[in-house]
Amino acid sequence: MSAVPPVSIAALRGVRLTSGAVVDIALDGDEVLAVVPAGSPLPDTDGETLDLTGYLVTAAGAEPHAHLDKSQSWDAIQPPFGDLVRAIESWQAFAVTLDEDETLGRARSTALRMLASGITSIRTHVDLLHGSDPLIGVRALVRLRDELEGLMDIELVALGGPTVPNAVFDAALDAGVDLVGGAPHLADDPLADLERLIALARRRDVGLDLHTDESLAGADTLAAYARAVTGWHRPRTAGHCVRLSMMPAADLALLADEIRAADIGVIALPITNLYLQGWDAAHAVPRAIAPLGRLRAAGVRVAAGADNVRDPFNPVGRCDHLETASLLVSAGHLAPEAAMDAVTTGARDVMGLPVAGPVPGARADLVAVRADSLGDAVAFASADRVVLHRGRLVSRTTVSTETAASVALPVRTRSAAPATAS
Ligand SMILES: [Zn+2]
């Protein structure tokens, strides 16, 4: 990757919206000022103009659940293929050797891949480690956040198991971590761990982001989580929730009402849970994806992310919100529009970030993808992208394809949509 200076952008010309309309967009500082039919006069603001003919623009991607400290450790660990328990064992054996600079290097590489894909906000968990120096990962990711300030927003969640002392959570929060996290369903006493984590977040007055019920038939903590945080004022989210995918519809409907009343955002993580769950099944392997369609219909805030990338929890992954969106369509049965929402505006919503997108008054965190339509963007996920964070150009990828075919690529199979805003 080569560097581009983060220049201020005043206007985007000739770009397509998901409605099909081709428009010009005026930016003013870190906000979208106006969206008008292509070729119309635009208000005069400071910055450069980008011609985005042939691109589709949406709100920037947001990754609501990453593990940058673990990412890209697969090749160093060479773990066996397997389920969540095996992945945890592999990671914990490696974690005793963790080095701060090496962790920073892997995390930086993953974050910059995400940025090139159009992800300008990342919420990452960071392990509170066992041993004499539990904050190695925390220090690495705080450094990363400082390095990438101005290019992307990074939030940190302290991920600690039931044997991690409260004092270590406090030290992590004092060192710059933003939220309390954990995985109560993995504890010997899940409800006791849940209560401890909620009490910690309340005492420190910070948000909560819990790994929740990441098993198909194990502990069920989501209802207790919902009851405990109803009426609270800090952002709270539940990641994974794969157990919901196994619930009868009537039970899910009752639980969804409690989740909505508690205002907990549910984050599905399709690629990692497709990998981690179902190893015990010899046939009819379950998909293990939180049922976002039914939750959304019940009024629950929903989002989706990738979770792990190239580590013992997931050997693959492209650091691309459009990969997550594609999986939500094929494995999660969401329409492409709802899938795109889950990885852009929905993800920002559960993270408590300001609204972004090609809408007047919204934050100018935008990604333009070379595509004729939203469906094309989700399906082909062209790497040809232009990424804006707070109105500044922070990444541009230009793909060059040479082919021996006698027709030019990409092949256009239909006429363009009308050039009007709608
Ligand atoms: Zn996770």
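The values are calculated or read from the model by the stated rules, or taken from the named source; none is laboratory data. Note that the coordinates shown come from a computational prediction; the quantities given were computed from them, not determined experimentally. Please note: Cβ atoms are built from the backbone with ideal geometry, for glycine as well, and neighbour counts cover all protein chains shown.
Observations
- Number of residues in the range 242-262 that are within 22 Å of V157 (Cβ to Cβ) and surrounded by 22 or more Cβ atoms within 10 Å (Cβ to Cβ) equals 4.
- Which numbered condition G239 fails, given (1) within 16 Å of the ligand (Cβ to nearest atom); (2) surrounded by fewer than 23 Cβ atoms within 10 Å (Cβ to Cβ); (3) under 21 Å from the mean Cα position of the chain (by Cα): (2)
- Residue check, G278 modelled with pLDDT under 95 and either in a helix (DSSP H, G or I) or closer than 26 Å to L334 by Cα (or both): yes
- Condition met for D46 (away from the ligand (no atom under 16 Å from the Cβ) and part of a loop (DSSP other than H, G, I, E, B)): yes
- Restricting L104, L98, L128, L112 to those that are touching a strand residue (DSSP E or B) at 6+ places or on another chain (Cβ under 9 Å) and within 30 Å of D384 (Cα to Cα) reduces the list to L112.
- Any pair with Cβ under 6 angstrom, 6 or more apart, that starts in the range 62-86 at a residue that is in contact (Cβ under 8 Å) with a residue 40 or more places away in the chain and ends at one that is within 11 Å of the ligand (Cβ to nearest atom) and among the basic types (K, R): P64/R123
- Evaluation of G218 against (1) more than 23 Å from the chain's Cα centre (by Cα); (2) crowded, with 21+ Cβ neighbours inside 10 Å (one fails), failing number: (2)
- Of the helices (runs of 4 or more DSSP H) lying entirely inside the range 67-155, those carrying at least 3 residues that are surrounded by 17 or more Cβ atoms within 10 Å (Cβ to Cβ) are 84-95, 100-117, 136-147.
- Count of the range 388-402 residues which are in a loop (DSSP other than H, G, I, E, B) and closer than 11 Å to G150 by Cα: 2
- Test result for R106, at negative phi, outside the structural domain of D30 (by TED's automatic domain parsing) and in contact (Cβ under 8 Å) with a residue 60 or more places away in the chain: no
- Yes/no for H233 being within 16 Å of the ligand (Cβ to nearest atom), more than 30 Å from S109 (Cβ to Cβ) and of a type outside the set (G, A, S): no
- Of residues in the range 186-214 being under 23 Å from D257 (Cβ atoms) and not hydrophobic (A, V, I, L, M, F, W, C), the one surrounded by the fewest Cβ atoms within 10 Å (Cβ to Cβ): E195
- Among the candidates D188, D209, D153, D174, residue that is within 16 Å of the ligand (Cβ to nearest atom) and of a type in the set (D, E, K, R): D209
Yes/no matrix, rows are residues, columns are (1) at negative phi; (2) buried (at least 24 other Cβ atoms within 10 Å of the Cβ); (3) within 16 Å of the ligand (Cβ to nearest atom):
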site	(1), (2), (3)
N273	yes, yes, yes
G278	no, no, no
L295	yes, no, no
V302	yes, yes, no
A306	yes, yes, yes
T324	yes, yes, yes
T344	yes, yes, no
A347	yes, yes, yes
V359	yes, no, no
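- Residue that is within 28 Å of V57 (Cβ to Cβ), crowded, with 22+ Cβ neighbours inside 10 Å and within 16 Å of the ligand (Cβ to nearest atom), where the choices are A288, A268: A268
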